[in-house]
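The values are calculated or read from the model by the stated rules, or taken from the named source; none is laboratory data. Not measured: the values here are computed from a predicted model. Cβ placement follows ideal geometry from the backbone for every residue including glycine, while neighbour counts extend to all protein chains displayed.
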Amino acid sequence: MRRKLLTAAARVLPPAAFARLHCMAKLGYLPDLGAPRTFTERLLAKRVYDHDPLLAVTADKFTLRSYVEERLGDGYLPRLYAVVESAADVDVTRLPSDYVMKGTHGSGWNRIVTGSDLTQAEAVTLAADWLARSYYWKRREWAYRDLTPRVVFEENLLPGSPIDDYKVFTFGGVARLIQVDRDRFTDHRRSLYTPEWRALAVVCEYPLLGTPVSAPARLEEMLWAAAKLAEPFAFARVDFYSLPDRVVVGEITHYPEGGVVRFEPRAFDLELGEVWGAGRPMAEAFLAP
């Protein structure tokens, strides 16, 4: 019920008023967007007031590809099989048996296909649904407001195998935090690490991973790529997959969790906001014992 009320409020309230309501409803405090201190306050101020056109370019999962190639060179993207702006142009017979179908103009519009387990009719219906939507009206995230609706069909990086997501939080182009997500579609768990791969005793939205995670083999390359891609932004989260032979960019996110992030302990919201504002590393008080 609360989610439905928020979705309705997003369509009628001014962006700043809705941002305050969103934070109050989820975290229980009224954010100060004029003098932000916490991480969520800073994210919401960015969501409402930062209208840099490059935010839209990099939030769009199709136009992001050119940006990544320009910044990093070849080899950092999944192979692109097809891109469509109309569901009528979807043709799964021209695709390999394993691929990923994505809506480029929003978040969470993904279908992982293995062994051709998506029929032509299902793919057309899914594409039509995504193409008809504007993700902007869900949480008024500015970067999605004017994106061209598209659906892309990309390489399935490890068909049939679980693959971790590594999400690098950067501030002024400097990596300060790495989020590891596992089993996003079944038993979603998440842990946080410093760039030196020291675990944090902090829960972010989902339960912690049950066992410690080893640093990815190409961690230094991942941190380098994140810094190159995030250099123009005060904050950006750059998402990666670490494969045996390469690092692959998944997306760039400007408003994690729509701009309102729940941490436990709650004090970490202020800590990460100060990391952002002061340009400093994480305090050791939040490291896991």
Q. β-branched (Val, Ile, Thr) and either crowded, with 18+ Cβ neighbours inside 10 Å or touching a Pro at 6+ places or on another chain (Cβ under 9 Å) (or both) - does that describe any residue in region 197-219?
A. yes
Q.
With the requirement that a residue be in a strand (DSSP E or B) and either touching a helix residue (DSSP H, G or I) at 6+ places or on another chain (Cβ under 7 Å) or surrounded by 22 or more Cβ atoms within 10 Å (Cβ to Cβ) (or both), what does region 254-272 give you?
A. PHE263
Q: Evaluate the following for ARG42: is it among the basic types (Lys, Arg) and either buried (at least 20 other Cβ atoms within 10 Å of the Cβ) or free of Cβ contacts under 8 Å to residues at least 12 places away in the same chain (or both)?
A: yes
Q: Output the qualifying pairs, or none if there are none: Cβ atoms under 8 angstrom, residues six or more apart or on different chains, first residue in region 81-107 and more than 26 Å from ARG139 (Cα to Cα) and in contact (Cβ under 8 Å) with a residue 12 or more places away in the chain, second residue acidic (Asp, Glu) and not in a strand (DSSP E or B).
A: ALA82/ASP91
Q) With ALA215, ALA225 as the choices, which residue is of a type in the set (Gly, Ala, Ser), at pLDDT 95 or above, touching a strand residue (DSSP E or B) at 6+ places or on another chain (Cβ under 9 Å) and not in a loop (DSSP other than H, G, I, E, B)? A) ALA225
Q) Tell me, which helices (runs of 4 or more DSSP H) lie completely within region 21-114 with 1 or more residues that are of a type in the set (Asp, Glu)? A) 39-49, 63-72
Q.
Within region 97-150, take every residue that is surrounded by fewer than 17 Cβ atoms within 10 Å (Cβ to Cβ) and at positive phi and give me the one that is modelled with the lowest pLDDT.
A. GLY108
